[in-house]
Amino acid sequence: MRGIAAREAPELAITVDSAGTANYHVGSPPDRRSQAAARQRDYDLSGLRGRQVRAEDFATFDLILAMDRANLQDLLQIAPADARGKIQLFLDYAPEQPVREVPDPYYGGASGFDDVLDLIEAAARGLLRRLRAQAPQS
């Protein structure tokens, strides 16, 4: 999302971050297969480190996007009541995609990481279209 926004919508002042609902990979870089697939599309994930969602994220961010329904439910459970409206499925921004959840490619082959990137790119572009449409016109 960060890379697509920088290249395709530099006029939008957005902040993008990533966090998990569990603490499995806190402090760890992305999976090497994820980094390799991303590198093939000119995204550099090497500086990223895993972190867990924090209470302040619900106040800091205007949108909190879940990759799948399980994480969506986890986020809704931990979010303050007044922040639940900002939690959505990421693929809601890619209605043309045949799936509603981004699958976890971890236990599959390398092609799964490419498939995930296809879904993420589609949703990122859909979100950018929505943000452009909502941006004040100057």
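Just so it is clear, none of the values below were taken in a lab; they were calculated from the coordinates. In this text, all values refer to a predicted model and were calculated from it rather than measured experimentally. Glycine gets a Cβ as well: all are built from the backbone with ideal geometry, and neighbour counts include every protein chain shown.
Applied to the stretch 71-81, the Karplus parametrisation 6.51 cos²θ - 1.76 cosθ + 1.60 on θ = phi - 60° returns per-residue 3J(HN,Hα) values of 5, 4, 5, 4, 5, 5, 6, 8, 6, x, 3 Hz, with x for Gly and Pro.
Tell me whether the chain comes out rounded, prolate or oblate; compute the Cα gyration tensor, take square roots of the eigenvalues as a ≥ b ≥ c, and use a/c under 1.5 as the rounded threshold. Mind dumping the intermediate values first?
On the way: a/c = 1.44, a/b = 1.10, b/c = 1.31.
Judged from the Cα gyration tensor, the chain comes out rounded (a/c under 1.5).
The modelled label-to-label distance for the pair R32/K86, using points 7 Å beyond Cα in the direction of Cβ, is 3.8 nm.
Backbone amide hydrogens, once placed in the peptide plane, bring R100 within less than 5 Å of nothing, excluding anything fewer than 5 places away on its chain. Between R39 and S18, the simple label model (points 7 Å from Cα in the Cβ direction) yields a spacing of 1.5 nm. What separates the Cα centres of the stretch 74-131 and the stretch 1-44 is a distance of 13 Å.
Using a cutoff of 8 angstrom between alpha carbon atoms and counting only pairs six or more residues apart, the relative contact order for the chain works out to 24 percent.
Using only helices, what value at 222 nm comes out for the chain when you add -39,500 (n - 2.57) per DSSP H run of length 4 or more and divide by the total residues, to the nearest 500 deg cm²/dmol?
Details: 5 runs with 54 residues, N = 138.
Mean residue ellipticity at 222 nm (helix-derived): -12000 deg cm²/dmol.
Would you please classify the overall shape of the stretch 73-129 from the alpha carbon gyration tensor, given that a ≥ b ≥ c denote the square roots of the eigenvalues, rounded means a/c under 1.5, and beyond that prolate means a/b larger than b/c while oblate covers the rest?
On the way: a/c = 3.03, a/b = 1.53, b/c = 1.99.
Taking the square roots of the gyration eigenvalues as a ≥ b ≥ c, the stretch 73-129 is oblate.
Residue-wise HN-Hα couplings along the stretch 53-70, as the Karplus relation 6.51 cos²θ - 1.76 cosθ + 1.60 with θ = phi - 60° gives them from phi, are 4, 10, 4, 5, 4, 5, 8, 6, 9, 7, 10, 10, 10, 9, 7, 8, 5, 5 Hz; Gly and Pro carry x. In this structure, the amide hydrogen of I87, modeled 1.01 Å from its nitrogen in the peptide plane, lies closer than 5 angstrom to those of I64, counting only residues at least 5 positions away or on a different chain.
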